[in-house]
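Derivation of every value follows stated rules applied to the coordinates shown; laboratory data play no part. The model shown is predicted, which means the values in this text are computed figures rather than measured ones.
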Amino acid sequence: MLHRSMVSLVRAAGGTLLSRSHRGAGRQASRFIRFRETKTSINRVLPTSLKSQNIPEYLKNRLEMQEHYLKVIDTTFGNQILASVPEMERDVTGLPMIEKMAKAMFGDF
């Protein structure tokens, strides 16, 4: 289903999800249009400040891939992006991590 794939694309900002989401895009585009006005967030975004650090090659590659797909996401979704959530130190489970994610998305509340 394109809607789930496109949301997964935005949530993960990764290339494999993008390629999956575009496989059936032609015949399912009309289904996605219904969700055109929804807001979504980009999840697990690595900070660009890592580029200037001594990091492993795989992480450099991930940053390059992320940069490309963030541009694709911006072009595809534009003003539908509600927030960009940074990569957290662990999965967002439990109230303390949900609060930390909410602060990353919306600031102090």
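Using θ = phi - 60° and the Karplus curve 6.51 cos²θ - 1.76 cosθ + 1.60, what whole-Hz ³J(HN,Hα) does each residue of the range 52-58 get, with Gly and Pro shown as x?
7, 9, 7, 10, x, 4, 4
Residues with amide H under 5 Å of residue 55's amide H, sequence separation 5 or more or different chain, H placed in the peptide plane at 1.01 Å from N; which?
The list, which skips near neighbours in sequence, is empty: none.
List every residue whose amide H lies under 5 Å from the amide H of residue 46, counting only residues 5 or more places away in sequence or on a different chain, with H placed 1.01 Å from N in the peptide plane.
The answer is 87.
Using each residue's phi in the range 44-50, evaluate 6.51 cos²θ - 1.76 cosθ + 1.60 at θ = phi - 60° and report the 3J(HN,Hα) Karplus result to the nearest Hz, with x for Gly and Pro.
Whole-Hz 3J(HN,Hα) from phi for the range 44-50: 6, 8, 6, x, 5, 5, 5.
Using θ = phi - 60° and the Karplus curve 6.51 cos²θ - 1.76 cosθ + 1.60, what whole-Hz ³J(HN,Hα) does each residue of the range 77-89 get, with Gly and Pro shown as x?
10, x, 6, 7, 7, 7, 7, 10, 9, x, 4, 9, 6
What is the set of long-range amide H partners of residue 84 at a cut-off below 5 Å, with H atoms built 1.01 Å from backbone N?
Counting only residues 5 or more places away or on other chains, the set is 42.
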